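Single-structure report; data block below.
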Amino acid sequence: METLPSEVWIAACAHRLHRQWHSVDPDDLEQMASMLLRDSHFAAMAPDEAAAEWLTPVASAAQSRIPASRRAPQEPSHGH
């Protein structure tokens, strides 16, 4: 994977976080993205993948509050 400059990685990660959290201040999302970049586990990923993995518990909790009849269908896992 090509290494992105920190500023680009942070901006892309913050953008992905914003798709989940529309009401959070963009500066706060950039701070969160910066924290993720300092974690070697997340830093090894593409920024959108890191954000998505970090958001997994949040998305799961939100999904569980939606009645089953209104939930979006789950995409099959391909072992990634």
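The values are calculated or read from the model by the stated rules, or taken from the named source; none is laboratory data. What you see is a predicted model, and the numbers here were worked out from it, not measured in a lab. Cβ sites come from the backbone with ideal geometry, for glycine too, and all protein chains shown count toward neighbours.
Since Ser77 meets every condition but one in (1) loosely packed, with under 15 Cβ neighbours inside 10 Å; (2) modelled with pLDDT of 95 or more, which condition does it not meet?
That leaves (2) as the condition not met.
Which condition number does Ala62 fail, the rest of (1) of a type in the set (A, V, I, L, M); (2) at pLDDT 85 or above; (3) out of contact with any helix residue (DSSP H, G or I) (no Cβ under 8 Å at 6 or more places or on another chain) being met?
With (1) of a type in the set (A, V, I, L, M); (2) at pLDDT 85 or above; (3) out of contact with any helix residue (DSSP H, G or I) (no Cβ under 8 Å at 6 or more places or on another chain) applied to Ala62, the lone miss is (2).
Within region 12-30, count every residue that is part of a helix (DSSP H, G or I), of a type outside the set (Asp, Glu) and farther than 18 Å from Glu53 by Cβ.
1
Which one of these does Leu4 not meet: (1) touching a residue at least 24 places away in the same chain (Cβ under 8 Å); (2) surrounded by fewer than 17 Cβ atoms within 10 Å (Cβ to Cβ); (3) part of a helix (DSSP H, G or I)?
All conditions pass for Leu4, except number (3).
Can you find even one residue in region 46-58 that is modelled with pLDDT under 95, at positive phi and not hydrophobic (A, V, I, L, M, F, W, C)?
No; the residues of region 46-58 include none that is modelled with pLDDT under 95, at positive phi and not hydrophobic (A, V, I, L, M, F, W, C).
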